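The values are calculated or read from the model by the stated rules, or taken from the named source; none is laboratory data. For clarity, every value in this text was computed on a predicted model and none was experimentally measured. Cβ placement follows ideal geometry from the backbone for every residue including glycine, while neighbour counts extend to all protein chains displayed. Side chains included, ligands, DNA and RNA excluded: accessible areas come from the protein's heavy atoms. Shrake-Rupley method; radii C 1.70, N 1.55, O 1.52, S 1.80 Å.
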Amino acid sequence: MAQSSASSFVLPLKSSLHIQGGGSVTQLQLPAAKRIQNPKHRQSLKNPSSERKTTIWCKLSESKYPSEEPEDEHVEGSFRKRDVWKQLNGLYKFSRPYVVMNTLVAIPSISLLPLKSTADLSLPFVAGLFQALVPSIMMNLYAVGLNQLTDVEIDMVNKPYLPLVSGEISTEFGIAITSTYLLTSFAMGVIFQSPPLLSALLVRFLLMTAYSVQLPLLRWKRNAFLAAICILIPRAMDNVATFIHIQKYALGRPIVFTRSLVFAVAFMSLFSTIIALSKDIEDVDGDREHGIQSLAVILGKEKVFWLCISMLLIGYGSAMAIGASSSYSTSKLVTVFGHCVLASTLWLRAWSVDLDNKASISSFYMLIWQAIYAEYLLIPFIR
């Protein structure tokens, strides 16, 4: 059909040429465009079934090649998932997991100290452990959240990776979740009807609020001594309160302080002081810029660093002496050997720390936290 149509167009074109002698073309006139009358085509236009076929084909093509709207919805959904993941990751960083891990190790360790035998590992003990653990975690989350909310400008210099500074979570969200932690902690403390636990929560709330908030006579973190008090006292209170709660309110026994509890309170108070001092070594630049008179700002990073190492070694030496004086051979072996390993590890690692490198300082600071976790594993062996 295409060949016949072409010939019907070419023939009139040839007839319009006027050829003179010598073969030159003198004139070319194209005829007016004529509509090609194709009987089959004319018939298809008159046939309504052809229109129906065309409509069906269009619908099939639409189903085969869908519009871009579902793809846009898919992309939008992936963005929503990405935003949710970003919020969850920011919330994880906001919680400062190493602080939560300390509570997860400390409360069960201290809860074991009042036990006299394996028979005490009963349902009341498990319930008492839960009552001590969860409110304490919530209050710790409040403390680290409040500290970040009030330290945004300092963290822009010291810790730009924190979620409030990096923008992973908003200030409004930070305030909301921190308030939720606080209310949940106090609500549980009241519901569980344990005076020692509620007292420990109240003390931590008051001191950590005084440590962070920028109000007259507060913001105690600006003073090295007051900052150490704000960290030391709540930790000691947590240990004593957990012991009393398990012994009296879970097991129903009279309060009798044990040798292991005295050791735990004394040793962890020393560790809390070391944490308070060592955490400021990395933050010297931002603290100095914002008028925070930490001991690292006053004395310098190197002096404070080696002061912390000396305190650690004194603490471990005392722990080995106490462990060696135990009448239980297992207790003696575990405590002496364990503290010897920890002391040696920290001492050898200390010599490789570059005090001009924030990553190196931060790595050693986290090693101190890991030493605290290990210490809570050793404390139940002090007998």
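Below, the figures for the structure above:
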item	result
Flag if residue 267 is open to solvent by less than 30 Å² (accessible area, probe 1.4 Å) and modelled with pLDDT of 95 or more	no
Residue 281 vs. criteria β-branched (Val, Ile, Thr) and not in a helix (DSSP H, G or I)	yes
Inter-residue pairs, beta-carbon under 6 Å, first closer than 13 Å to residue 290 by Cβ and in the range 150-179, second among the charged types (D, E, K, R) and at pLDDT below 90, 6+ apart	157/285; 158/283
Residue 163 open to solvent by less than 40 Å² (accessible area, probe 1.4 Å) and modelled with pLDDT of 95 or more	no
Residues within the range 317-338 that are open to solvent by 30 Å² or more (accessible area, probe 1.4 Å) and assigned to a helix (DSSP H, G or I), tallied	13
Total residues in the range 85-127, condition closer than 18 Å to residue 140 by Cα and aliphatic (A, V, I, L, M)	9
Any pair with Cβ under 8 angstrom, 6 or more apart, that starts in the range 339-350 at a residue that is open to solvent by less than 70 Å² (accessible area, probe 1.4 Å) and ends at one that is part of a helix (DSSP H, G or I) and of a type in the set (S, T, N, Q)	none
Of residues in the range 195-253 being of a type in the set (S, T, N, Q) and more than 19 Å from residue 185 (Cα to Cα), the one modelled with the lowest pLDDT	223
Residue selected from the range 87-122 under the condition assigned to a loop (DSSP other than H, G, I, E, B) and touching a helix residue (DSSP H, G or I) at 6+ places or on another chain (Cβ under 8 Å), by the criterion surrounded by the most Cβ atoms within 10 Å (Cβ to Cβ)	114
Residue within the range 215-229 that is within 17 Å of residue 141 (Cβ to Cβ), of a type in the set (Lys, Arg) and outside any loop (DSSP other than H, G, I, E, B) present	no
Count of residues meeting criterion [surrounded by fewer than 23 Cβ atoms within 10 Å (Cβ to Cβ) and closer than 25 Å to residue 227 by Cβ] in the range 123-137	1
